[in-house]
Amino acid sequence: MPAYVILINNKTTDATELDLYRPKAVTARAGHPMTLVAINGKFEVLEGASAESVSIAQFPDMTAAKAWYDSPEYQDAKQHRLRGADFRIILTEGL
């Protein structure tokens, strides 16, 4: 079953750190079977807390998604994301 990683930027706290995060996050995709479904496009919060941006990545399954997230390359990028913003990251199985 496909799996989706939903990245929700609740609030940017250090734009410079996010500028460091982005190219590292792109590099971290190499070798991982990921399809970007949405990247920081127009969105509308219908219920719940507001957000600054939303991105969605599709993977073949939960194992592939976790392999990307746990990879050394993404973990390196993640450190800048954590210093640069308050994010929610959700992994969900598709249909």
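The values are calculated or read from the model by the stated rules, or taken from the named source; none is laboratory data. Please read these numbers as outputs of a predicted model, since none were measured by experiment. Virtual Cβ from ideal backbone geometry, glycine too; neighbours counted across all protein chains shown. These area figures cover heavy atoms from the full protein model, side chains too; ligands, DNA and RNA do not enter into them. Shrake-Rupley method; radii C 1.70, N 1.55, O 1.52, S 1.80 Å.
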If you take the square roots of the eigenvalues of the alpha-carbon gyration tensor of region 15-64 and sort them as a ≥ b ≥ c, do you get rounded (a/c under 1.5), prolate (a/b over b/c) or oblate? oblate
May I ask which residue of A65, A30, V54 lies farthest towards the positive end of the charge dipole of the chain, with charges of +1 (Lys, Arg) and -1 (Asp, Glu) on Cβ and the Cα centre as origin? A30
Which residues' amide hydrogens lie under 5 Å from the amide hydrogen of D61, considering only partners 5 or more residues apart or on another chain, with H built in the peptide plane? A3
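Where a ≥ b ≥ c are the square roots of the eigenvalues of the C-alpha gyration tensor, would you call region 8-95 rounded, which needs a/c under 1.5, or, failing that, prolate if a/b is larger than b/c, or oblate? Provide the component values of the computation, followed by the final result.
On the way: a/c = 1.93, a/b = 1.11, b/c = 1.74.
In terms of gyration-tensor shape, oblate.
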Give a residue-ordered list of calculated ³J(HN,Hα) values for region 50-59 (Karplus: 6.51 cos²θ - 1.76 cosθ + 1.60, θ = phi - 60°; whole Hz; x for Gly, Pro). 5, 9, 8, 7, 9, 10, 9, 10, 9, 10
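Net charge within 12 Å of T63 by Cβ-Cβ distance, Lys/Arg positive one each and Asp/Glu negative one each, not counting T63 itself?
Values: positive: K66; negative: D61, D70, E93.
Local charge sum for T63: -2.
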Ranked order, V54, V5, V45 - accessible area, probe 1.4 Å, largest first: V45, V54, V5
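Relative to the Cα centre, what is the charge dipole magnitude of the chain, using +1 at the beta carbon of each Lys and Arg, -1 at the beta carbon of each Asp and Glu, and rounding to the nearest 20 debye?
Values: 10 positive and 12 negative charges, 29 e Å.
About 140 debye.
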Heads up, I need the accessible area for H80: 1.4 angstrom probe, whole protein in place, Å², nearest 10. 30
Accessible area of D61 in the full protein assembly, 1.4 Å probe (Å², nearest 10): 60
Nearest-10 value in Å² for the accessible area of F87, using the 1.4 Å probe: 50
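With every protein chain kept in the model, how would you rank L82, L46 by accessible area, 1.4 Å probe, largest at the top? Could you put the intermediate results ahead of the total?
Values: L82 95, L46 145 Å².
Ranking L82, L46 by accessible area, largest first, yields L46, L82.
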Count of lysine pairs in the chain with Cα separation under 19 Å (8 or more residues apart, or interchain): 5
Rounded to the nearest 500, what is the chain's calculated 222 nm mean residue ellipticity when only DSSP H runs of at least 4 contribute -39500 (n - 2.57) each, over all residues? -12000 deg cm²/dmol
